[in-house]
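Report on the following structure.
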Amino acid sequence: MRRSVALLILVIAGCKKAPPVQFSDADLAANRAALEQNLADKPSCARPVLHPGTATPVDLSTRFKLPSECSDLKKAIDTEAAKGPMAELPFGVLDAPRASECLASVTAFVRSAVSADSVCASPYSEPEAGAQFKPQFIAYIIALQARTLAKTSPAEGLALAMDGVRFFQDGTRGGTLMQAMLSVAARKLVIERGALPIISAKPELDDVTCAEVSRDVDALLASEPSLHDILVAEANWIGTEHGLKHLKGKERDDGAEALAASVANHAAWGMACPPGASVNACRSALERPSAAPQTKGNDTLDRGGGLPPYVARWGEPIVRLAMLRFQLEVKEHGCPKATTQEPWATILAPAVLGDSLRADKTATGFTLRSPAWMDRPADEWPVTCPSPI
């Protein structure tokens, strides 16, 4: 009797239907073909060289590694950074052994990198290269060297700072959301700790230097990396890393789901943030339910409230460039009576941002603030007028 019951249990168990396959082979083939087509659409990396002829272009397909002379300086900077946010650059780290050699070699590499014609193959355009490349450390080096050079030549210090901003812009072209956020942090550091203090500390900054740096800032704003390209690259990355690599055995359905999410996100994000769209336009469109990301394969988006917060962060270095541009105009022409007049209105509202900075009058000049939707109260910069408004 027991044998019969056991056989009956086996028969019943054998008759249970297998769980339905979520994605058929035909679905898989269609999504794979769609991903391959998406990957075939390469982003445009054309942008002007800010200071042509100042350095020999370097082959960016060769991954950059920090030179050995930078090891002690990096340890010193890491020690200072671990203490928390720094109100000023830690100039004391320049006492580290071989610090001057490190500054010289990294500065030379950056200048060469931004002189290259093709910039899609950036040194940290691949996610796994980010940790090795240390963009935040490079940003500290550029800011420190720019401030050091500015003691004898403000024009040279500011030119290096602008090359640093371009360098980290280029690190995003062809990259994903992670590279974009690395770029945001690095560019903010170079502008806030490198360029802005030079301009603020130099009341005698000559008109020629102001005009040259203003042209650099305008060129940087006009050639910001495309948010559209970043978002579709992010979608493609989900498909390749979490889709194609996980389509066998027990991982098949998870891989197929990530592949489908990649294709859906590519279409939704590309439509919400088309080529040439401003940061604010993309942010607004991505808040719509139709653009909500399918987050299979991307825990960062799932935890971070979706794309809009990241897109808003993308505007932070753009805001700082606009602040820099405003201050340069004040240095050259004095403060405006009304910021609604030109060229002030255009300076405060870069087309790539899609909104205007706020400029509040103070007793000594203006306080510049980011647009309200960025929701970052700390994003403000005081501008002192050379004479009362």
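A few points about this structure:
- Answer residue from segment 186-213, given it is surrounded by fewer than 16 Cβ atoms within 10 Å (Cβ to Cβ) and part of a helix (DSSP H, G or I) and is modelled with the lowest pLDDT among those: Ala201
- Residue count for segment 329-364, restricted to those that are more than 30 Å from Cys273 (Cα to Cα) and at pLDDT 95 or above: 0
- Residues in segment 36-60 that are of a type outside the set (Lys, Arg), surrounded by 13 or more Cβ atoms within 10 Å (Cβ to Cβ) and touching a residue at least 60 places away in the same chain (Cβ under 8 Å): Asn38, Leu39, Pro43, Cys45, Val49, Leu50, His51, Thr54, Ala55, Pro57, Leu60.
- Criterion: under 19 Å from Arg147 (Cα atoms), assigned to a helix (DSSP H, G or I), among the hydrophobic types (A, V, I, L, M, F, W, C) and at pLDDT 90 or above - qualifying residue of Val217, Val263, Val232: Val217
- Cβ pairs under 6 Å, 6+ apart, first in segment 332-347 and closer than 14 Å to Arg358 by Cα, second aromatic (Phe, Trp, Tyr) and surrounded by fewer than 12 Cβ atoms within 10 Å (Cβ to Cβ): none
- Taking helices (runs of 4 or more DSSP H) as the structural unit, those lying wholly within segment 104-170 and holding at least 2 residues that are at pLDDT below 85, surrounded by fewer than 24 Cβ atoms within 10 Å (Cβ to Cβ) and within 20 Å of the chain's Cα centre (by Cα) correspond to 130-133.
The values are calculated or read from the model by the stated rules, or taken from the named source; none is laboratory data. Fair warning: this is a prediction, and the values are worked out from it, not measured in the lab. Note: ideal-geometry Cβ built from the backbone for every residue, glycine included; neighbour counts use all protein chains shown.
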